[in-house]
1. So the check is Cβ under 9 Å with 6+ separation or different chains; which pairs have a first residue in region 33-55 that's within 14 Å of ALA91 (Cβ to Cβ) and a second one that's of a type in the set (D, E, K, R)?
2. Filter region 80-113 down to residues that are assigned to a loop (DSSP other than H, G, I, E, B), in contact with a Ser or Thr (Cβ under 8 Å, 6 or more places away or on another chain), farther than 19 Å from VAL44 by Cβ and not aliphatic (A, V, I, L, M), then give me how many there are.
3. Within region 112-136, can you find the residues that are out of contact with any Lys or Arg (no Cβ under 9 Å at 6 or more places or on another chain), of a type outside the set (Ser, Thr, Tyr) and surrounded by 10 or more Cβ atoms within 10 Å (Cβ to Cβ)?
4. Taking VAL74 as the residue in question, decide whether it is surrounded by 13 or more Cβ atoms within 10 Å (Cβ to Cβ), outside any loop (DSSP other than H, G, I, E, B), out of contact with any Cys (no Cβ under 8 Å at 6 or more places or on another chain) and not acidic (Asp, Glu).
5. Does GLU95 qualify as being modelled with pLDDT of 80 or more, open to solvent by 50 Å² or more (accessible area, probe 1.4 Å), touching a strand residue (DSSP E or B) at 6+ places or on another chain (Cβ under 7 Å) and of a type in the set (Asp, Glu)?
6. Looking at the structure I just gave you, is ALA12 assigned to a strand (DSSP E or B), at pLDDT below 85 and not polar (S, T, N, Q)?
7. Six or more apart or on different chains, Cβ atoms under 8 Å: show the pairs whose first residue is in region 78-95 and farther than 30 Å from PHE50 by Cα and whose second is exposed (fewer than 15 other Cβ atoms within 10 Å of the Cβ) and of a type in the set (Lys, Arg).
Amino acid sequence: MATLGIAGAKLALVDKKGGVLTGTNGIYKYTDKATADKTGIFDVTVDNSFGVASVALTNLFGSTTDVSGNNKLVYKSAGKGNAQSVLTINALPNEIKMAVLGMPSDSKGGFTITGKADPNNRVAFLAESAEAFDINKPVYIGMLISQ
């Protein structure tokens with residue numbers, strides 16, 4: 001397992017075609033920045049959310065299963081990987097978190113927690129490593145997450 005520090009991450013809400021949503025449809029939709037937002041990208045920094053704690057990737061490769069025949073191993077069956085990621089942010093602002101989770105505003109300053117995933121809510125993130133493996137360039141990890 002390789003371990004690298006994380007320099008930062010960026011989050012965005014995206015549409016079905018992968019285009020970044022901006023303005024009142026974007027990641028800032030519950031903040032006072034919604035009308036002025038032109039990029040739709042939330043840059044996770046130490047100042048706005050105490051930074052990124054970690055990024056973990058799992059299930060990049062599928063599991064293997066032994067297939068026996070005549071009392072010996074004759075084949076190894078390999079399943080497909082189902083890549084998953086966990087991005088841990090120390091103190092993501094609540095308005096951004098609710099936009100990422102797809103929770104609707106209750107129009108009174110709070111949010112309606114539905115308890116259900118919104119299949120139309122898609123979040124993209126890009127994380128940058130603070131170090132490199134063997135070259136002088138950072139490693140980038142990106143994922144598109146649909147609930």
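The values are calculated or read from the model by the stated rules, or taken from the named source; none is laboratory data. Remember, it's a predicted structure, so these values are computed and weren't measured experimentally. Reconstructed Cβ throughout: ideal geometry from the backbone, glycine too, with neighbour counts over all protein chains shown. All accessible areas refer to the heavy atoms of the entire protein, side chains included, with ligands and DNA or RNA removed. Shrake-Rupley method; radii C 1.70, N 1.55, O 1.52, S 1.80 Å.
1. Going by the 9 Å Cβ cut-off, the qualifying pairs are PHE42/LYS10; VAL44/LYS10.
2. 3
3. The answer is ILE113, ALA117, ASP118, ASN121, VAL123, ALA130, GLU131, ALA132, PHE133.
4. No: the conditions fail for VAL74.
5. Here the answer is no, as GLU95 does not meet what is asked.
6. So ALA12 does not fit the description; no.
7. Sorted first by the residue in region 78-95, then by its partner, the list stays empty.
Yes or no, residue by residue, for (1) open to solvent by 50 Å² or more (accessible area, probe 1.4 Å); (2) not acidic (Asp, Glu):
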{"residue": "GLY8", "(1), (2)": "no, yes"}
{"residue": "THR24", "(1), (2)": "yes, yes"}
{"residue": "THR35", "(1), (2)": "yes, yes"}
{"residue": "LEU57", "(1), (2)": "yes, yes"}
{"residue": "GLY62", "(1), (2)": "no, yes"}
{"residue": "ASP66", "(1), (2)": "yes, no"}
{"residue": "SER85", "(1), (2)": "no, yes"}
